[in-house]
Amino acid sequence: LRLFTQTATEICEGQQYDMEFEGRDNVQMNEYMDMIGLKTGVLIACAAKIGALIGGAPAEDCEKLYEYGYNLGLAFQVADDYLDAYGDEKVFGKPIGGDIVNSKKSWLTVRAFEKAEGSALQDLKKAMAMPVGTDAEKENKINWVKGLYQELGVGKDAQERILRLNAKALDAASKVC
């Protein structure tokens, strides 16, 4: 019950950070990773650890399963952000580009702002500030931002981060007796 209550509190804290990010021009990657850790990481970590606790697993295994779930949750959230920009709408189950249209601070956007310099940075700022009242404006914004993502290599960066987080998760799980 303590773990569940702590997790519920952390998820609310992560959601609050996410909402605060909407009003900020600049979000650092460490802040973003902390936020998704609180929103998604702890949720999956809690599920993994509670199962181990109920099953009577040793404390060390419970902690390794928590670490597994936490890193899996981070990988899931980065993958969700990636798929929002690059996924197949029929498979993903929601319109592609929603984070871009809403100027949401996704992993890709935060990474793009980290990497962009000079004219690319100015273009990214302009693109993210574009109004999106019509379908044509939405499509234009999505295409412009995705073009900048491509130029900056953030899609590839996201794929690499997903693989690293997944490897960390599997490493933790492999240490469970």
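Straight-line reach from K146: taking Cα to Cα under 16 Å and skipping same-chain neighbours fewer than 8 places apart, the lysines in range are K104, K105, K115, K125, K126, K138, K156.
Result for the chain in a Gaussian network model with C-alpha springs under 10 Å: among N71, N30, N143, the largest mean-square fluctuation is at N30. Taking N as the residue count of region 78-177, its C-alpha radius of gyration divided by 2.2 N^0.38 Å amounts to 1.22.
The residues of region 61-177 expose on average 52 square angstrom of accessible surface per residue, using a 1.4 Å probe on protein heavy atoms.
If each residue of separation counts as 0.36 nm, what is the full-extension length gain between D25 and E60 once their alpha-carbon separation is subtracted?
Working: separation 35, 0.36 × 35 = 12.60 nm, distance 4.13 nm.
So the extension gain works out to 8.5 nm.
Taken about its Cα centre, the chain carries a charge dipole of roughly 180 debye when the Cβ of each Lys and Arg holds +1 and the Cβ of each Asp and Glu holds -1.
Which angle between 0 and 90 degrees, to the nearest 10, do you get for helix 42-54 versus the longest principal axis of the chain when only C-alpha atoms count? Roughly 10 degrees between the two axes. Distance from the Cα centroid of region 32-80 to that of region 3-25 is 16 Å (rounded to whole angstrom).
How big is the convex hull of the Cα atoms of region 47-118, per residue, in Å³?
On the way: hull volume 8.2 nm³, N = 72.
Value for region 47-118: 114 Å³ per residue.
Could you work out what % of the accessible surface of the chain is carbon and sulfur, using a 1.4 angstrom probe and leaving DNA, RNA and ligands out of the count? Display every interim value, and only then the final one.
Details: 5350 of 9750 Å².
Of the solvent-accessible surface of the chain, carbon and sulfur hold 55 percent.
Compute log10 of I(q)/I(0) for the chain with the Debye formula, placing one identical point scatterer on every Cα and leaving out solvent, at q = 0.08, 0.10, 0.20 Å⁻¹, to two decimals. Debye output, listed in q order: -0.29, -0.44, -1.30. Which of the three applies to region 1-54, rounded, prolate or oblate, going by the alpha-carbon gyration tensor with a ≥ b ≥ c and a/c under 1.5 meaning rounded? Prolate.
Counting 0.36 nm for each residue step from A136 to C12 and taking away their Cα separation leaves a gain of 41.1 nm.
Relative contact order of the chain, please, whole-number percent, based on alpha carbon pairs below 8 angstrom and at least 6 residues apart.
Values: 210 pairs, mean separation 43.8, N = 177.
Relative CO of the chain lands at 25 percent.
Each label was represented as a point 7 Å from its Cα along the Cα-to-Cβ direction; for E151 and N102 these points are 2.6 nm apart.
The values are calculated or read from the model by the stated rules, or taken from the named source; none is laboratory data. Treat the numbers as computed from the prediction; the structure is a model and nothing was measured. Neighbour counts run over all protein chains shown; Cβ positions are idealised from the backbone, glycine included. Heads up: the accessible areas ignore ligands, DNA and RNA and are worked out on the full protein's heavy atoms, side chains in. Shrake-Rupley method; radii C 1.70, N 1.55, O 1.52, S 1.80 Å.
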